[in-house]
1. Determine the gain in length on full extension of the stretch residue B:196-residue B:132; use 0.36 nm per residue of separation and subtract their C-alpha separation, reporting nm with one decimal.
2. Hey, rough spin-label estimate for residue A:265 and residue A:1, points 7 angstrom out along Cα→Cβ, what's it come to in nanometres?
3. If r is the Cβ-Cβ distance from residue B:252 to residue A:17 and R0 is 51 Å, what FRET efficiency results, to the nearest 0.05?
4. Hey, any idea what the orientation-averaged projected area of the convex hull of chain A's Cα atoms comes to, in nm²?
5. Can you give the extra length, in nm with one decimal, that the chain gains between residue B:337 and residue B:360 once fully stretched, where that is 0.36 nm per residue apart less the Cα-Cα distance?
6. Efficiency by 1/(1 + (r/R0)^6): what FRET value for residue B:245 and residue B:185, r their Cβ-Cβ distance, R0 = 60 Å, to the nearest 0.05?
7. Using Cα atoms only, what is the angle between the long axis of helix B:244-259 and the major principal axis of chain B, expressed in degrees (0 to 90) to the nearest 10?
8. Need one value for A:80-91: mean number of C-beta atoms belonging to other chains within 10 Å of its residues' C-beta atoms.
């Protein structure tokens, strides 16, 4: 199946701004799904609120556009009810880790087989450029006119500490790498977190003098390095990319099947 | 009749009703005085292949219920005051997306943490207007365990029939009290199952296009028909729309599908109401005291009766007006500051004859409390 067959093309052109990284991430994701040859009816895409969340309307899967921050909580109900479905949850940085932070760490703790994608552009785009918990210190935003004093979460460290069994990071610049990582994340049995650095030239780039989309994409390239690479060794302040965690541990739905089997046996004995 | 007679708490009667109705998914978060519902379902659901999950908070529980229902499951959550507040966001989402589900609220005293282990009926209006925006809602209640069982089955049935969240407004006294429950045989009570579309895979399915009878057949996530579900105003395919006609059409549909069916949704019981000059309107545990008093007064020849409401929303205005027509006085017996009183006053022809008989101190209102109110109404002194 071609990538376009996974899209609801009648809703194009999409609503993302020119130069936004989200469309590129959607492309990487669809290529991963295509390469895995997944059936459209076996995928449920659940999203919250924000620019990133609109992704679910564009894909021809079962799509659930929920409430701000609540995508993972809704997805948990879907997955536990029908464990054979591939549940993919794209989220923005504010969606996933501010209002949705509690659901994020608990989904990771349960190790429920959901693929969570954090499309991190370090800003609230849809509401017009407020800082997020992933912005970090020294950033200009409409709600930080004197620059931010708030520290940021590191998604990789947070997801790892919370118990996610697959944790990775890539960027909208590294499209093939993103596709490869997303493929592994979807195939992984357990809670997978993929952070993909995205760019928001409209609200972040302009205010923080990062230039247009092209120069912001350049930054994805120059500010990051693959884990284990010489570049990272030489310059440890670079943001590491790659797969940080890939472990095999009990998955929630599989464990619950065991509970059901045990409870049924107890009842009849 | 083996194992069909139980001596249980009201919360367990609710669980039995839910099991009878075919619940196969529960998500919840512990909160007094509703916790027994989730505790019992944690045991019961996996025994029959259902799913139970304890979520990280009430918000997540309500969200998980919505997700589960969309895959075709009969899903429920249970909570009390503070948790009910947290669930309102996703209850509104379920209204907007027309996802069948049941929310039990075993009421305790509020606002805020309030009075966790004592009885109150203070969430009547929150059940109606707790979530933001125009919408309509169904809320049911019951005063004894047999009725809790029946009304829980009804809650699931109405949720499926109208594709809507249904609120089960129990209270601490009914929830924690123990009394006899006879579990009906299979088939004895009606159970409404999910209405699914009969359209084949190659036919366009419209998840939000009502049939002629007003019902909307569903398709489960994971089945052939792929569609969009969103909390935004949406068209008949489920896709966001800012078209004024689509917006007003959907809002009217969400309200009308319930308000136009008040008669079929209304549940009530009459106790000694025939020819009653003094009528008590009550519900939940406070109705038990009202019924007790009416019985005693009837034995003395006084014409006193009780209209026990079992559906509070949509409020049965016509019923209340009709039943109260000939009454000298109507006393609304409830454990709040007059939430149902306001509805009754708005419903009857002579609102000046409607009085409030309440108790708001965490104690169950007693027949003698109600007697005192009648002494005042009847001008016999306190």
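Each value in this text was obtained by applying a stated rule to the coordinates, not by laboratory testing. Nothing here was measured: the structure is a model prediction, and the numbers come from that model. Cβ atoms come from the backbone with ideal geometry, glycine included; neighbour counts cover every protein chain shown.
1. 20.1 nm
2. My value for the distance between the label points is 3.8 nm.
3. Details: r = 35 Å, r/R0 = 0.68.
Plugging the Cβ-Cβ distance into 1/(1 + (r/R0)^6) gives 0.90.
4. On the way: hull surface 60.0 nm².
Its Cα hull, projected and averaged over all orientations, spans 15.0 nm².
5. Using 0.36 nm per residue and subtracting the Cα-Cα distance, I get 7.6 nm.
6. For R0 = 60 Å, the calculated efficiency reads 0.75.
7. Between the helix axis and the principal axis of chain B, the angle is about 40 degrees.
8. The mean count of partner-chain Cβ atoms within 10 Å per residue comes to 4.
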